[in-house]
Amino acid sequence: MTKYLLLLLPLLGFSSAIKVEHATLKPLGSMVHTNAQITQLSSQKQEIVSRLSGHLEAYYVTPGQHVKEGDKVVLIESIELSKMTAEYLALIKQLQAAENQKNTAMTLHKKGLASQNDVSNAIIALENIRSKQSALASQLHSLGIAPDTLTAPTDQFILTAHADGVVGTILAPLHSNVNAQTALLTLVNQEGYYAVAYLGVNDAMKINKQTKGWLSIAGKEYASNFVQLLPNIDPETQRAKVLFSINNSPSNLLLGAFTQMDISLAPYTNAIMVKKTALSLFKGEWVVFIEKEHEEAGHHD
């Protein structure tokens with residue numbers, strides 16, 4: 001049992017050494033001690049895929065490396081890209097020839113040396129080439145390649161990071177052949193960590209929106225808010241899984257790590273709470289020193 005000791009010595013002489021703080025009255029339920037695993041939502045862990053078939057030539061990043069949006073990640077040599085860029089350059093020349101053909105047909109038509117049908121066919125041929133060029137330019141843009149800058153066919157395709165994050169796992173071996181759907185690596189967004197707490201079924205059924213948790217990480221405690229009671233029982237532990245969001249968590253937590261968590265369950269009663277640093281060990285028991293008097297009216301009450 002925690003005891004309270006009256007601080008009988010005058011506080012005036014110790015005002016610079018003793019820090020006085022207020023106790024708080026907060027709702028507190030029965031405390032459950034359990035294990036919890038550090039995790040993130042699926043939306044925070046994304047895979048970077050190749051988007052083109054080809055040969056994986058180089059990685060510009062390593063696992064654990066911080067990257068920013070737009071940083072180079074992977075180099076792929078792709079015959080498919082070589083064909084696309086060569087076709088685009090060929091369409092530019094075809095477009096110039098078709099434009100000249102249309103102009104010639106229109107000039108001859110005015111002189112009565114060509115029919116309206118000849119003019120129409122030249123226009124249709126020109127528009128078909130423009131349509132193919134536009135579709136191919138759109139594909140190249142989606143791959144991060146500016147068609148207007150092409151002067152020669154290229155087979156080198158550089159993938160960039162689509163967001164800030166940390167490189168997780170390299171999934172495709174270097175110098176392997178990949179296709180357009182091959183996952184190359186994972187990118188983890190380090191903002192917003194969660195904890196999955198494992199509770200007995202009876203305790204899990206007492207969880208509500210007001211449930212709070214305190215996660216112990218590297219000697220520090222982090223308050224956590226209830227998010228969701230997950231629908232499936234863990235098959236290995238036969239315990240329910242409860243998802244908590246970790247408040248003000250550090251940005252370098254290890255995903256998958258297990259740690260201790262305290263959870264306050266209903267029913268709740270108001271309890272006087274003090275900071276852990278206020279506790280002192282006195283004759284084998286934990287005690288809290290309090291002021292005997294205070295000049296502020298109503299403070300003692």
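The values are calculated or read from the model by the stated rules, or taken from the named source; none is laboratory data. Just so it is clear, the structure is predicted and the values come from calculations on it, not from any experiment. Every residue, glycine as well, gets a Cβ built from its backbone with ideal geometry; the counts of neighbours run over all protein chains shown.
Name, by its number, the condition in (1) surrounded by fewer than 17 Cβ atoms within 10 Å (Cβ to Cβ); (2) over 30 Å from Ala266 (Cα atoms) that does not hold for Leu230.
Condition (2) is where Leu230 drops out.
Out of the residues in region 98-119 that are over 27 Å from Leu143 (Cβ atoms) and among the small types (Gly, Ala, Ser), which is surrounded by the fewest Cβ atoms within 10 Å (Cβ to Cβ)?
Out of the qualifying residues, it is Gly112.
So, in region 154-168, how many residues would count as being surrounded by fewer than 19 Cβ atoms within 10 Å (Cβ to Cβ) and farther than 19 Å from His55 by Cα?
So the count comes out to 5.
Just checking, which of Asn202, Asn225 is more than 30 Å from Pro63 (Cα to Cα), modelled with pLDDT of 85 or more and part of a strand (DSSP E or B)?
The conditions single out Asn225.
Only one of Ile263, Ile217 is within 14 Å of Tyr193 (Cα to Cα) and not small (Gly, Ala, Ser). Can you tell me which?
Sole residue among the options that is within 14 Å of Tyr193 (Cα to Cα) and not small (Gly, Ala, Ser): Ile217.
Does Ile272 fit the bill of being touching a residue at least 40 places away in the same chain (Cβ under 8 Å), surrounded by 14 or more Cβ atoms within 10 Å (Cβ to Cβ) and of a type in the set (A, V, I, L, M, F, W, C)?
So Ile272 does not fit the description; no.
Look at region 165-199 and say how many of its residues are in a loop (DSSP other than H, G, I, E, B) and of a type in the set (Gly, Ala, Ser).
4
Check whether at least one residue in region 267-285 is modelled with pLDDT of 90 or more and more than 22 Å from Val20 (Cα to Cα), and report yes or no.
No, that holds for no residue.
Within region 72-92, identify whether any single residue is out of contact with any Pro (no Cβ under 9 Å at 6 or more places or on another chain), hydroxyl-bearing (Ser, Thr, Tyr) and surrounded by fewer than 14 Cβ atoms within 10 Å (Cβ to Cβ), and answer yes or no.
no
Of everything in region 126-145, what is more than 27 Å from the chain's Cα centre (by Cα) and under 19 Å from Leu75 (Cβ atoms)? Give them in sequence order.
Leu140
Against the condition of a type in the set (S, T, N, Q), touching a helix residue (DSSP H, G or I) at 6+ places or on another chain (Cβ under 7 Å) and either touching a residue at least 24 places away in the same chain (Cβ under 8 Å) or assigned by TED's automatic domain parsing to the domain that holds His175 (or both), how does Thr85 come out, does it pass? Quick ask: steps written out before the conclusion?
Details: of a type in the set (S, T, N, Q): yes; touching a helix residue (DSSP H, G or I) at 6+ places or on another chain (Cβ under 7 Å): no; either touching a residue at least 24 places away in the same chain (Cβ under 8 Å) or assigned by TED's automatic domain parsing to the domain that holds His175 (or both): yes.
Spelling it out, it is not the case that Thr85 is of a type in the set (S, T, N, Q), touching a helix residue (DSSP H, G or I) at 6+ places or on another chain (Cβ under 7 Å) and either touching a residue at least 24 places away in the same chain (Cβ under 8 Å) or assigned by TED's automatic domain parsing to the domain that holds His175 (or both).
Please enumerate the residues belonging to region 25-62 that are of a type outside the set (Gly, Ala, Ser), modelled with pLDDT under 80 and within 30 Å of Leu279 (Cα to Cα).
Leu25, Lys26, Pro27, Leu28
Checking Leu108 against (1) touching a residue at least 60 places away in the same chain (Cβ under 8 Å); (2) assigned to a helix (DSSP H, G or I), which test does it fail?
With (1) touching a residue at least 60 places away in the same chain (Cβ under 8 Å); (2) assigned to a helix (DSSP H, G or I) applied to Leu108, the lone miss is (1).
If you check Leu281 against the conditions, is it loosely packed, with under 13 Cβ neighbours inside 10 Å, among the hydrophobic types (A, V, I, L, M, F, W, C) and under 23 Å from the mean Cα position of the chain (by Cα)?
When the stated conditions are applied, Leu281 does not pass them.
Say whether the condition of being more than 30 Å from Ser251 (Cα to Cα) and either of a type outside the set (A, V, I, L, M) or part of a loop (DSSP other than H, G, I, E, B) (or both) is met by at least one residue in region 69-77. It would help to see each step written out before you state the result.
To start, the set of residues in region 69-77 that are more than 30 Å from Ser251 (Cα to Cα) comprises 76-77.
Filter once more, keeping what is either of a type outside the set (A, V, I, L, M) or part of a loop (DSSP other than H, G, I, E, B) (or both): 77.
Yes, that holds for at least one residue.
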